[in-house]
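These notes concern the structure reproduced below.
The values are calculated or read from the model by the stated rules, or taken from the named source; none is laboratory data. Predicted model only: the values in this text are computed from it and were never measured. Note that each Cβ is placed from the backbone with ideal geometry, even for glycine, and that neighbours are counted across all protein chains shown. Ligands, DNA and RNA are stripped out before the accessible areas are found, and what is left, the full protein with its side chains, is counted by its heavy atoms. Shrake-Rupley method; radii C 1.70, N 1.55, O 1.52, S 1.80 Å.
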Amino acid sequence: RWPWRRAARSDQVVVSWSGGTFAFVRAKATGEGTFSVIAHAVERLGAGGQDELIQRLHAHGLKGKTVHAMLRPEQYQLLQIDTPPVAPEELRAAARFQIRDMVNAHIDDITLDVMQVGDGQNRGSNHSFVVAARNEVIRDVLSLGDALGWSVPVIDIQETAQRNLQTLLMRDEGR
């Protein structure tokens, strides 16, 4: 390891923040791709406001962590669309146009991601999934992260997290 590079962290933190309720799971790598849960909790925003909540989260050792945020189903919409016949770099803009009447917010007030159906090998699929979340939801998660000094490289949803776990388990089983 070079002296100016940070050591790799062996713990993983997944958080969820919605409607004044914060939940987290912290796990430590035990080797061979397995993890052991070392801490978990659910904290609610109390009369002391966000400052009090932040102090409680500091007590759980969450300050300065790299955190994967998980949106709850009420924080996003998962939509299926016909994949627009556009170049891959234009897919997001085309999907934004296609879902404008399907989302429960103004199209300029959402953040979206597009996932094509299939494993990438099947080019015959003509459907895509679009995840649309209000910008304020994303800002709330990142604002709490800023207050705790987090790095948030991933904001995920339950469906894709479950898919990723299933894919990993099947790969480990050789399927």
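Here are the numbers for this structure:
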| quantity | calculated |
| --- | --- |
| Computed over the range 9-75, Cα set: Rg, Dmax in Å | 12.9, 44 |
| Overall dimensions of the chain by Cα: Rg and Dmax, Å | 18.7, 55 |
| Residue list for the range 128-144, given a label point 7 angstrom along the Cα-to-Cβ vector of His106 and an amide N cut-off under 18 Å | 133-139 |
| Per-residue SASA entry for Phe35, accessible area with 1.4 Å probe, Å² rounded to 10 | 110 |
| Exposure rank, largest accessible area first [Lys65, Lys28; 1.4 Å] | Lys28, Lys65 |
| Cut-off 16 Å (backbone N to label point 7 Å along Cα→Cβ of Ala29), residues of the range 41-79 | 66-68 |
| At R0 = 22 Å, FRET efficiency that the Cβ-Cβ distance of Thr66 and Arg92 yields, to 0.05 | 0.30 |
| 10 Å-binned pair-distance histogram of the range 18-117 (Cα, whole percent) | 11, 30, 23, 25, 10, 0 |
| Theoretical FRET efficiency, 1/(1+(r/R0)^6), r = Cβ-Cβ of Val154 and Ala47, R0 30 Å, to 0.05 | 0.40 |
| Cα-Cα separations in the range 82-175 greater than 23 Å, expressed as whole percent | 41 |
